[in-house]
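Here is the structure we will look at, set down as structure tokens.
The values are calculated or read from the model by the stated rules, or taken from the named source; none is laboratory data. Note that the structure is a prediction, hence the values are computed from the model and not measured. Positions of Cβ are backbone-derived with ideal geometry, glycine not excepted, and every protein chain shown enters the neighbour counts. Ligands, DNA and RNA are stripped out before the accessible areas are found, and what is left, the full protein with its side chains, is counted by its heavy atoms. Shrake-Rupley method; radii C 1.70, N 1.55, O 1.52, S 1.80 Å.
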Amino acid sequence: MIERSDEVASALAEGRPVVALESTIISHGLPQPRNLQVAAELEEIVRAGGAVPATIAVLDGVPRAGLTKDELERVATEPGLRKLGFRDLAPAAALRVSGATTVSATAFLAARAGIRVFATGGLGGVHRGWTEVQDESADLDTLSRTRITVVCAGVKSILDVPATLQRLETRQVTVVGYRTDWFPGFYLHSSGEPVDWRIESPAEAAALMHAQDNLGGPETALIIANPINVNNQLDPSLHDRVLAEALTAAETAGVTGQAITPFLLDHLVRATKGASLEANLSAVQGNVRLATEIATSWSRKS
Ligand code: PSU
Ligand code: MN
């Protein structure tokens, strides 16, 4: 059901490291034309680290792990490309629709393709105002039922971070800080919320993954929370100010559902004159680098 590129299939067959990459961030999370350049750069970071990149997307109804240059270009530029969570995969397949995959769809497809490590920017989570609209990303549900390691810079700061961490606890998803005691704040080094566990190296991440498997419990994910470097973070006071503006703008415009995340991210890019974009990219690049190291460590141990 999932088409693996030849390169991805042979790397997996030979036990070489593979890193799954998400595509919604390319199609819906970053402005054109920078998005295509970034998609290629992220794959290049994986290759430079000695692993094989598997960008995941659905093209004409077919889920793919590992895209050609032309396929990557379609994801970055095709007008009206859909945003697909896990629940959208069956309709997309049946109706032969193309779409970029969110963390929930990417995690599911990567795990089914035999890929254990996945890099993204920030996870989806519980939105602010949950008591009124009950908007909680399907990312959390998928991660509670999928054995995959996700390297991220926390959850997007447009969300309710403490509520998201509570949900992850309830859903039994393990969260560890990478060289930090604080859950990262996506654009910011820290969200101000503590994490219970901290690891210091890719080898410790791989050991933790083995420990998860040895436990034989439910197939939950491992979230490696990897903060953006303090020097590259968005100015915290600018962040707080433009975020408040963006949330008000979304409310005024009546944006809801799947559209809200892209709306807020786009607003932040414009309101910070591109500074949030640079911080976003720096966070994603760091995550891809770390995911490559973890996949390498994992491939040696397993
Ligand atoms: N992080 C980003 N940009 C993004 C996303 C995350 O920096 O575009 C995407 C991811 O694909 C994530 C999705 O899975 O937003 C969550 O969307 P929703 O809240 O609709 O589930
Ligand atoms: Mn949602």
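With a requirement of 1 or more residues that are open to solvent by 70 Å² or more (accessible area, probe 1.4 Å) and modelled with pLDDT of 95 or more, the helices (runs of 4 or more DSSP H) lying completely within segment 1-91 that satisfy it span 6-13, 34-48, 69-77.
Scanning segment 262-296 for residues that are closer than 23 Å to residue 127 by Cβ, surrounded by fewer than 24 Cβ atoms within 10 Å (Cβ to Cβ) and of a type outside the set (A, V, I, L, M) returns 262, 263, 266, 267, 270, 272.
Identification of helices (runs of 4 or more DSSP H) wholly contained in segment 201-302 with 1 or more residues that are within 16 Å of ligand 1 (Cβ to nearest atom) yields 236-253, 260-271, 275-301. I want to confirm something. Restricting to segment 123-138 and keeping residues that are open to solvent by 10 Å² or more (accessible area, probe 1.4 Å) and near ligand 1 (Cβ under 10 Å from one of its atoms), which single residue is farthest from residue 263 (Cα to Cα)? It comes out as 138. Residues in segment 92-108 that are part of a helix (DSSP H, G or I) and of a type in the set (A, V, I, L, M): 92, 93, 94, 103, 105, 107. Condition test on residue 259, is it within 16 Å of ligand 2 (Cβ to nearest atom) and either of a type in the set (Gly, Ala, Ser) or surrounded by fewer than 17 Cβ atoms within 10 Å (Cβ to Cβ) (or both)? For residue 259, the condition - within 16 Å of ligand 2 (Cβ to nearest atom) and either of a type in the set (Gly, Ala, Ser) or surrounded by fewer than 17 Cβ atoms within 10 Å (Cβ to Cβ) (or both) - is met. Scanning segment 139-187 for residues that are assigned to a helix (DSSP H, G or I) and crowded, with 21+ Cβ neighbours inside 10 Å gives 139, 140, 142, 143, 161, 164, 165, 168. The residues of segment 112-122 that are open to solvent by less than 20 Å² (accessible area, probe 1.4 Å) and closer than 21 Å to residue 206 by Cβ, listed by number, are 113, 115, 117, 118, 119, 120.
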